[in-house]
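Take a look at the structure set out below.
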Amino acid sequence: MMSSTPTAPAEPTTGSVPRPRRRVPFWDNARYACIVLVVLGHAIQRLTYDSDIAMALYLSVYAFHMPAFAIIAGYFSKSAPPTKKQMSRVITDILVPYVIFEMLWTLTKWLVEGRADPNLTQPSWTLWFLLALGIFRLVLPYLALLHWPLVWAVLISVGAGYLPNVDSTFSLSRTLGFLPFFVLGWWVHEKDLVNRLRLIDTRPWWLRAIAVAAFVAVGFVAWNWVDLWKSIDLDNWFFYDDSYAALGAQAWWSGAIRLALLVLGFILSIAFFVLIPRGTYWWTKFGQYTMYVYLLHSFVLYPFRESGILRNAEPTWIWLPAVIVLSILIALALATKPVRWVFRPLIEPRARWLFSDARLVDASRRDDPTGSRRPRER
C-alpha cells in the first residue's frame, strides 16, 4: 500500500541498530475524532427530517469530516511509483475488503428487504471511501509529475461536476470531488510543512479561539438559515456525488459553488486539526483501527435507519444528545480488541492465495488504508 508510517522521523541510531520511531499521537487522535464524526453523521441523518437543529448539526459535520479524513489519508501517502509489495497491499487492504463487504451488504439486503442486486460497480453506503482510497493512490503518482498538482486536483474536482456521466459508478464522482483534500494532505507532507512550521507543536490560545469561532459561525449559519439549505439540498452538495445539473444548478458558474464548498472544507478541516488534542489518551490507540469502525458501524446503524425509530423522534433535546452519545459508544465498541479479533479476517484479509508470490503479503505488520501502520496483534 502506498502509505507511509504515522510516526515521527527516525531518531539517531546507536551503532548499527536504529531506535524505533516515535509514534505521533496527534494523527491517531485526529483519525479517531474523524471516525466518531462519521458515525455521528450517519446516526443523526434520520433525525434531520423532523429537527432543524439536527439538520444544522448534520450540515456542519458534513462540511468537513470527510475532507479531513481525506487530508489525513493523503498525508500518509507516497507519490513514488509503487513497489510490488505496496501494490499487493492495495489489493489486500482495499480491494479484497471492498468485495467482501459488498457481498455482506448484498446478503443483508436479501435477508432483510427480500431483494438482492449485487453490483460491484455501485458501492453500498459507506464502501465508496474504500474505492476512493484506491483510486487516490492510483492517480497521485501522475499528479505529482505536474506543476501545481493541487491546482489540477481542484480543477478536476470542479470540472467533474459539469459531466453527468461522472456518477457513482466505482465511486468516481465522489473520488474526484474529494481529490483536492487528498492531494492537499500529500502536498503538506511533501513540503514537510508540519515540521517546518511546527504545526503540531505550536498551538497558541488565540489560534484555538479562532478555530472554535469558525465552528460556532458555521453552526449558527447552518441553523439560522436551515430552511434555505433544505430548499437547495445543501446536504447533497456535501456528498460530491451528483452533477451540478442533477442538483438543480445548470448555470455555467455552478462550479463556483463546489469551489466554495472546497474552501469551506479546507477552513473547517484546519480548525478541526487545531482543536485535536496532542497528547496520548486512553482512546488514542483506537485511531489505529478506524477501518473497523468505518466498515462495521453501518451494520449497527442499519436497523435504526430502516426501522423508522428515529423518525418523529421528539423531543429533540432528548433524542439528539442520546444519538450523539450512542454514536460515541458505537465508535468505541467497534475499535475494541474483541471486535477486531472477530472481524479481522474480513477487514484485514491477507489473501495469500491470490498472489503468485506469497512473500508479497507481509504478515509482520498491518496497515490501515488511511496510513496507520502498526505491528500485527497476536
(message) For the list (1) surrounded by fewer than 16 Cβ atoms within 10 Å (Cβ to Cβ); (2) farther than 30 Å from L155 by Cβ, I need the number of the one condition that Q250 fails.
(response) (2)
(message) If the requirement is being of a type in the set (S, T, N, Q), within 21 Å of L133 (Cα to Cα), surrounded by 13 or more Cβ atoms within 10 Å (Cβ to Cβ) and modelled with pLDDT under 95, which of these qualifies: S168, S173, S157?
(response) S168
(message) So the check is Cβ under 6 Å with 6+ separation or different chains; which pairs have a first residue in region 112-132 that's in contact (Cβ under 8 Å) with a residue 24 or more places away in the chain and exposed (fewer than 14 other Cβ atoms within 10 Å of the Cβ) and a second one that's part of a helix (DSSP H, G or I) and among the β-branched types (V, I, T)?
(response) T121/T169
(message) Would you confirm whether or not region 216-233 contains a residue that is closer than 20 Å to M66 by Cα and in a loop (DSSP other than H, G, I, E, B)?
(response) yes
(request) Would you mind telling me which numbered condition in (1) among the β-branched types (V, I, T); (2) surrounded by 16 or more Cβ atoms within 10 Å (Cβ to Cβ); (3) more than 20 Å from F299 (Cα to Cα) V151 fails? (result) (2)
(message) Within region 134-142, does at least one residue satisfy the condition of being in a helix (DSSP H, G or I), surrounded by fewer than 23 Cβ atoms within 10 Å (Cβ to Cβ), in contact (Cβ under 8 Å) with a residue 40 or more places away in the chain and basic (K, R)?
(response) no
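Quick one: is P315 modelled with pLDDT of 90 or more, under 14 Å from S51 (Cα atoms) and out of contact with any Leu (no Cβ under 8 Å at 6 or more places or on another chain)?
It is false that P315 is modelled with pLDDT of 90 or more, under 14 Å from S51 (Cα atoms) and out of contact with any Leu (no Cβ under 8 Å at 6 or more places or on another chain).
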(request) Just name the residue that is farthest from the chain's Cα centre (by Cα) out of those in region 94-133 that are charged (D, E, K, R) and assigned to a helix (DSSP H, G or I). (result) E113
(request) Go through K78, K84, K109 for me and flag whichever is among the basic types (K, R) and under 24 Å from Y32 (Cα atoms). (result) K78
(request) Could you check, for region 270-279, whether at least one of its residues is basic (K, R), touching a helix residue (DSSP H, G or I) at 6+ places or on another chain (Cβ under 6 Å) and either within 28 Å of L172 (Cβ to Cβ) or not in a helix (DSSP H, G or I) (or both)? (result) yes
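The values are calculated or read from the model by the stated rules, or taken from the named source; none is laboratory data. All values reported here derive from a predicted model rather than from experimental measurement. Quick reminder, even Gly has a Cβ in these numbers, built from the backbone with ideal geometry, and neighbours come from all protein chains shown.
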